[in-house]
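Peer 1: First the structure, then my questions, so here it is.
The values are calculated or read from the model by the stated rules, or taken from the named source; none is laboratory data. Just so it is clear, the model here is predicted, and its values are computed rather than measured. FYI the Cβ positions are ideal-geometry reconstructions off the backbone, even for glycines, and counts take in every protein chain you see. We work out accessible area using only protein heavy atoms, side chains counted, and drop any ligands, DNA or RNA first. Shrake-Rupley method; radii C 1.70, N 1.55, O 1.52, S 1.80 Å.
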Amino acid sequence: MIFSRFGTAKSRTLLGAGAALTVAAGVAATALVAAPFAGAAQPQDTATRYVALGDSFTAGPGIPTQSGGACARSDHNYPSLLAQATHPAEFVDVSCSGAVTANMEGPQGSAAPQFDALTADTTLVTVGIGGNDVGFGGIIGTCVTLAASDPTGHPCTDHYTAGGVDQLERTFAEKAPKIAAVLQGVHHRSPNAEVVLVGYQAILPATKAACDPANPNKAIVAENDFPYLAAKERSFARILAATATAAANNATFVDTRTASEGHEACTAPGTRWIEGIVDVVNAAPVHPNALGMENVAHLVQAEIAG
């Protein structure tokens with residue numbers, strides 16, 4: 001799920017790539033009221049403590065109602081919806097837009113290290129991290145820029161595979177150990193917790209033809225770059241899954257990318273789980289909207305219930 005919201009180190013304390021793309025494209029979000037999460041309520045377990053860690057795909061920038069200051073955290077992000085449905089005795093959400101793996105143990109601007117929220121009695125931890133580490137914001141910015149000069153070609157594919165080496169695959173492999181270290185760090189601090197690594201939702205389909213013809217986001221990347229970029233989304237999801245389920249990391253992986261196929265940024269309003277760069281509705285550009293968060297909450301709830 002490439003190209004989300006992740007920015008350079010300079011922009012990470014705000015919205016990562018989402019903020020950078022907003023500035024670059026001059027796009028402003030418009031408003032939409034989200035439907036309430038309809039998760040199956042479960043009896044409160046007074047022994048449970050749920051902590052949510054992550055970046056902006058967890059925090060939910062732009063989704064009402066916002067809190068968390070520069071972290072741009074929504075009270076309708078998937079951790080909040082999951083907590084409403086499952087009633088933990090204590091719920092702590094320290095997800096922060098722009099976060100990288102280093103912000104688990106180190107501060108992010110004025111935000112404390114996210115690991116500070118972990119305790120020995122924590123029983124559930126969800127984590128959504130890694131996108132900013134691999135530089136998804138820079139990737140989508142590059143692909144959008146290149147598309148302007150070759151809208152029907154595959155300039156982004158050519159750029160990232162120049163010289164016969166897929167630069168994105170190499171980056172994914174290089175950053176996987178950082179994600180593994182986060183999972184191991186969670187277990188160290190909360191040894192009794194179930195740890196769930198939540199993946200990233202699909203941003204673009206594998207072909208431009210799968211887009212809603214009326215959605216202008218069908219043209220944000222070159223027509224023949226769709227297959228490559230969708231393949232990189234699948235590849236990163238596989239790496240996250242392998243990292244989570246490795247014996248040393250002992251985490252469950254929730255594959256939100258596969259579930260979000262058909263709900264990408266270039267699909268119709270009311271269908272899409274992710275907003276695009278233009279015609280953004282009540283979310284940060286190239287980020288989950290309220291419907292996307294509701295569906296991720298369902299996916300995570302089903303996984304922990306199972």
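Peer 1: I'm checking my understanding of the structure. Among residues of segment 200-225 that are touching a Gly at 6+ places or on another chain (Cβ under 7 Å) and outside any loop (DSSP other than H, G, I, E, B), which one is surrounded by the most Cβ atoms within 10 Å (Cβ to Cβ)?
Peer 2: Asn217
Peer 1: Next question, about the same structure. Test Thr256 against the criterion of being surrounded by fewer than 16 Cβ atoms within 10 Å (Cβ to Cβ) and touching a helix residue (DSSP H, G or I) at 6+ places or on another chain (Cβ under 6 Å), and give yes or no.
Peer 2: No, not satisfied.
Peer 1: Still on this structure: If you go through segment 83-114 one residue at a time, how many are open to solvent by less than 10 Å² (accessible area, probe 1.4 Å) and under 23 Å from Gly185 (Cα atoms)?
Peer 2: 7
Peer 1: In the set Thr123, Thr65, which member is of a type in the set (S, T, N, Q), at negative phi and more than 19 Å from the chain's Cα centre (by Cα)?
Peer 2: Within the list Thr123, Thr65, the selection yields Thr123.
Peer 1: Return the residues of segment 118-134 that are buried (at least 20 other Cβ atoms within 10 Å of the Cβ), out of contact with any Lys or Arg (no Cβ under 7 Å at 6 or more places or on another chain) and either among the hydrophobic types (A, V, I, L, M, F, W, C) or not in a helix (DSSP H, G or I) (or both); say none if nothing qualifies.
Peer 2: Matches in segment 118-134: Leu124, Val125, Thr126, Val127, Gly128, Ile129.
Yes/no per residue for (1) over 22 Å from Val286 (Cα atoms); (2) within 16 Å of the chain's Cα centre (by Cα):
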{"residue": "Phe136", "(1), (2)": "no, yes"}
{"residue": "Lys178", "(1), (2)": "yes, no"}
{"residue": "Lys208", "(1), (2)": "no, no"}
{"residue": "Cys211", "(1), (2)": "no, no"}
{"residue": "Ser235", "(1), (2)": "no, yes"}
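Peer 1: Let me ask something additional. Determine whether segment 238-251 contains at least one residue that is hydroxyl-bearing (Ser, Thr, Tyr), over 17 Å from the mean Cα position of the chain (by Cα) and open to solvent by 20 Å² or more (accessible area, probe 1.4 Å).
Peer 2: Yes; the residues of segment 238-251 include at least one that is hydroxyl-bearing (Ser, Thr, Tyr), over 17 Å from the mean Cα position of the chain (by Cα) and open to solvent by 20 Å² or more (accessible area, probe 1.4 Å).
Peer 1: On the basis of being aliphatic (A, V, I, L, M), surrounded by fewer than 17 Cβ atoms within 10 Å (Cβ to Cβ), part of a loop (DSSP other than H, G, I, E, B) and touching a residue at least 40 places away in the same chain (Cβ under 8 Å), does Ala265 make the cut?
Peer 2: no
Peer 1: To continue, here is another question. Across segment 155-173, what is the number of residues that are under 27 Å from Val51 (Cα atoms) and open to solvent by 50 Å² or more (accessible area, probe 1.4 Å)?
Peer 2: Residues in segment 155-173 being under 27 Å from Val51 (Cα atoms) and open to solvent by 50 Å² or more (accessible area, probe 1.4 Å): 0 in total.
Peer 1: Same structure again: Does Asp166 satisfy the criteria of being of a type outside the set (Gly, Ala, Ser) and under 24 Å from Ala297 (Cα atoms)?
Peer 2: no
Peer 1: Look at Thr145 and say whether it is surrounded by fewer than 19 Cβ atoms within 10 Å (Cβ to Cβ), at pLDDT 95 or above and either part of a loop (DSSP other than H, G, I, E, B) or not aromatic (Phe, Trp, Tyr) (or both).
Peer 2: Criteria met by Thr145.
Peer 1: If I ask for residues that are of a type in the set (Asp, Glu) and within 19 Å of Ile179 (Cα to Cα), which ones from segment 94-123 would you list?
Peer 2: Answer for segment 94-123, where residues must be of a type in the set (Asp, Glu) and within 19 Å of Ile179 (Cα to Cα): Glu105, Asp116.
Per-residue answers, yes or no, for (1) touching a Ser or Thr at 6+ places or on another chain (Cβ under 9 Å); (2) in a loop (DSSP other than H, G, I, E, B):
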{"site": "Gln84", "(1), (2)": "no, no"}
{"site": "Val92", "(1), (2)": "yes, no"}
{"site": "Ser95", "(1), (2)": "yes, yes"}
{"site": "Val100", "(1), (2)": "no, yes"}
